[in-house]
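This report concerns only the one structure given below.
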Amino acid sequence: MRRDQFIKSVLALAAGSSFALPSMAAANIKMMIPANPGGGWDTTGRALGKALQDAGVASSVTYENKGGAAGIIGLAQYANATKGDGSSLMVMGAVMLGGIITGKPPVSLDKVTPIARLTSEYNVFVVPANSPLKTMKDVVEQMKKDPGSVKWGGGSRGSTEHIAAAMLAREVGVDAAKINYVPFRGGGEAVAAILGGNVTVGGSGYSEFQQYIETGKMRAIAVTSPKRLKGINIPTMIEQGYNIDIGNWRGVYAPAGLTAAQRKDLTDMVLKATKSKSWAESLEKNNWTPAWMPNPEFDDFVDREFASLRATMVKSGMI
C-alpha cells in the first residue's frame, strides 16, 4: 500500500472512531423524584434508573427526592435548574395533574418536556388490620353518619385516591367538601399513618400496600379498577355498588430547552430501559401494567387527562 493511501486509511478510521465513541458512551443520568422516599414515584424512578443501567444506556444514575404539593415543589425546582440538560429526567404522573388543577402553581408542565408514559395501575383502599370497619360499606355508613370521622389518607390533594374518595362521597350523597382527607408527601408517611391507626382508610397503588396486605397488617377493601385485578382478590368499587372507575399512570419528563436530537436520545434510552429484564421484573414485582406511550401521543394524552380530571373534580365538588 502506498504511503498516502495508508495515511488516508488511518485518518478515515480515526474519524469514524471519533464519531462513534460519543454515541456509544453511556450517560450519567440525574433523576428527579418529586416525592418523598417510599412511594410510587420513588419506586418508579429507582426502577427506571436501574433499568437504564441494565440496558447499558446509563453508566450511573443519581436520584433527588423533593416531595410536597403533589410533586409541584419538585417540578418547580427541576424546571428552573435543568434547562437544556440532556441527561436529566423527572418522574411524574396523574397525581401531578391533580395538584396543578387544585394548586394552580406558577410553574406547570409547559416548563418541561414530555418524554413518555411508562405504566398504569389502579388504586387500592385499605384499612388497618384491627379496624372495626371491615368493608367499604362499613366505611360508607360511617361517612354518612359523620363525614369528618372518617380520615382518608393518601397522596397529595388532587391525587387519584383523593378524587376517588370525593367521587364516592358524591355517589352516596355526602358533601365532598366535608371529606376529611389527609395528604402525605410520600408513600412511606402514608403507610406509617395507616399502620399506626392515624387514618381510617388509606389509598394508593397496589404496589405500595402489597407487602402489608400479604402479611395481614392491612385489609384491602376496594380497588378502583373496572374489574378485579388479575391474581388479586380485592373487590372493585363497582361490584360493591359504587360507580367509580379511576386509574393512575406514571411517566417521565425532561427539561425544557432540549434540541430535537437530545429529546430523541432520551426517548430512545428510556425505551431501551423498558425492554430490559430489570424493568420486566419491576413490572411483575409491583403489579404495574406496561403503558408505553412516547411523543407526540403522550403530550396529547396528558392534555386529555388534564381536562378529564378537572371535569371529574368539578363534578365531585372538589373545585
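Here the relative contact order of the range 43-126, from alpha carbon pairs under 8 Å that lie six or more residues apart, stands at 26 percent.
Between Pro255, Met136, Ala165, the Cα set farthest toward the positive side of the dipole of the chain (charges on each charged residue's Cβ, about the Cα centre) is that of Pro255. For Gly67, the amide hydrogen comes within under 5 Å of the amide hydrogens of Ala35, Asn36, counting only partners 5 or more places away or on other chains and with H modelled in the peptide plane.
In the elastic network of the chain, a GNM with C-alpha springs shorter than 10 Å, the most mobile of Ala254, Ala193, Ala35 is Ala193. With every protein chain in place and a 1.4 angstrom probe, the accessible-area ranking of Glu208, Glu214, Glu281, largest first, reads Glu214, Glu281, Glu208.
Each residue of the range 243-257 was assigned a 3J(HN,Hα) from its phi angle through the Karplus expression (A = 6.51, B = -1.76, C = 1.60, θ = phi - 60°), giving 7, 10, 9, 9, x, 10, 8, 9, x, 9, 10, 10, x, 6, x Hz with x at Gly and Pro.
The apolar share of the surface of the chain, taken as the fraction of accessible area on carbon and sulfur atoms (1.4 Å probe, ligands and nucleic acids excluded), comes to 53 percent.
Remark: the Cα gyration tensor places the range 166-238 in the oblate category, a/c being 1.5 or greater and a/b not exceeding b/c. Counted as membrane-span-like here are DSSP H helices of the chain whose alpha-carbon atoms extend 24 Å or more along the helix's own axis and whose Kyte-Doolittle mean is 0.5 or above; these are 3-24. Annotation for Lys315 and Gln77: the two label points, set 7 Å from Cα along the Cα-Cβ direction, are 3.6 nm apart. Using the Cβ-Cβ distance between Lys285 and Ala256 with R0 set to 51 Å, the FRET efficiency from 1/(1 + (r/R0)^6) comes to roughly 0.95. Using Cα springs under 10 Å in a Gaussian network model of the chain, which residue among Met96, Met32, Met143 shows the largest mean-square fluctuation? Taking springs between Cα atoms under 10 Å, the residue moving most is Met143. Listed by chain and number, the lysines placed with their C-alpha closer than 19 angstrom to that of Lys178 are Lys137, Lys144, Lys145, Lys151, Lys315; residues fewer than eight positions away on the same chain are left out. Excluding same-chain neighbours fewer than eight residues apart, the aspartates and glutamates reachable from Lys217 by a Cα-Cα span under 15 Å are Glu208.
Computed from label points 7 Å out along Cα-Cβ, the spacing between Arg304 and Ala26 is 3.7 nm. When Rg/Rh (Cα atoms, Kirkwood Rh) is calculated for this entry, the matching label among [x] 0.96; [y] 1.09; [z] 1.13 is [y]. Computed from the C-beta positions of Lys178 and Thr62, the FRET efficiency with R₀ = 45 Å rounds to 0.55. Remark: relative contact order (the range 187-319) = 15 percent; criterion is Cα-Cα distance under 8 angstrom and separation of 6 or more residues. Which whole-number percentage describes the relative contact order of the chain, with Cα contacts under 8 Å and a sequence gap of 6 or more? Normalised by residue count, the contact order of the chain is 27 percent.
Centre-to-centre separation between the Cα atoms of the range 153-173 and those of the range 78-148: 11 Å.
The values are calculated or read from the model by the stated rules, or taken from the named source; none is laboratory data. Nothing here was measured: the structure is a model prediction, and the numbers come from that model. As a convention, Cβ positions derive from the backbone with ideal geometry for all residues, glycine included, and neighbour counts pool all protein chains shown. Areas reflect the complete protein model, heavy atoms only, side chains present, ligands, DNA and RNA absent. Shrake-Rupley method; radii C 1.70, N 1.55, O 1.52, S 1.80 Å.
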